[in-house]
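Any read-out appearing in this document is the output of simple, stated calculations on the displayed coordinates, not a laboratory observation. These figures come from a predicted structure and were not determined experimentally. All Cβ positions, even for glycine, are placed from backbone atoms using ideal geometry, and neighbour counts span all protein chains on display.
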Amino acid sequence: MEHTRTYAYTKRRRNDSRREILRMWRGFDEEDLKLNILTSSTPADYLTKLFKHYKIDKHHEKEQLLYIWKHSIAPEIQAHAKPVNIVKGVLFVCVDNNAWLSEIVHFHRKTILTQLQAALGKQNIQKISFRLS
């Protein structure tokens, strides 16, 4: 019994030494690499990481916003207001003059917000901030 315990200890120690030498030679630990692969093994996980790294996701969001704006907002409002960006649930919209800024803020804000929330989701757009451009 004592012999098998000593053999197992020696084998584990030998494997640890081998692993350490390979880690130094390769520049990375194979066991850590295996763990990382197992935690994110689907292609969707890798694509999400790539999109975040190259900021493709933000570009896609903006294109989607412009498309929805074009197809759901009245043409007379579209002629004078353009969506710029979404930051933390706030949509920033630039309006070309004071008269239209006042018109949109007082009479169309709620309608625009509900239309965009219906298309993009309430969690994505929580409020709208109109600015003079």
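Descriptive notes on the structure:
- A search for C-beta distances below 6 Å between a residue of region 111-133 that is at negative phi and among the aromatic types (Phe, Trp, Tyr) and any residue that is surrounded by 15 or more Cβ atoms within 10 Å (Cβ to Cβ) and not in a helix (DSSP H, G or I), counting only pairs 6+ apart in sequence or on different chains, returns Phe130/Val93; Phe130/Val95.
- Condition broken by Thr114, with the remaining ones in (1) out of contact with any Ser or Thr (no Cβ under 9 Å at 6 or more places or on another chain); (2) among the β-branched types (Val, Ile, Thr); (3) surrounded by 14 or more Cβ atoms within 10 Å (Cβ to Cβ) satisfied: (3)
- Set Lys88, Lys82, Lys110, Lys70: member being among the charged types (D, E, K, R) and closer than 11 Å to Arg131 by Cβ: Lys82
- So Lys122, is it of a type in the set (D, E, K, R), out of contact with any Phe, Trp or Tyr (no Cβ under 9 Å at 6 or more places or on another chain) and not in a loop (DSSP other than H, G, I, E, B): no
- Filtered by the rule that a residue be more than 28 Å from the chain's Cα centre (by Cα), exposed (fewer than 15 other Cβ atoms within 10 Å of the Cβ) and not hydroxyl-bearing (Ser, Thr, Tyr), region 89-104 gives Asp96, Asn97, Asn98, Ala99.
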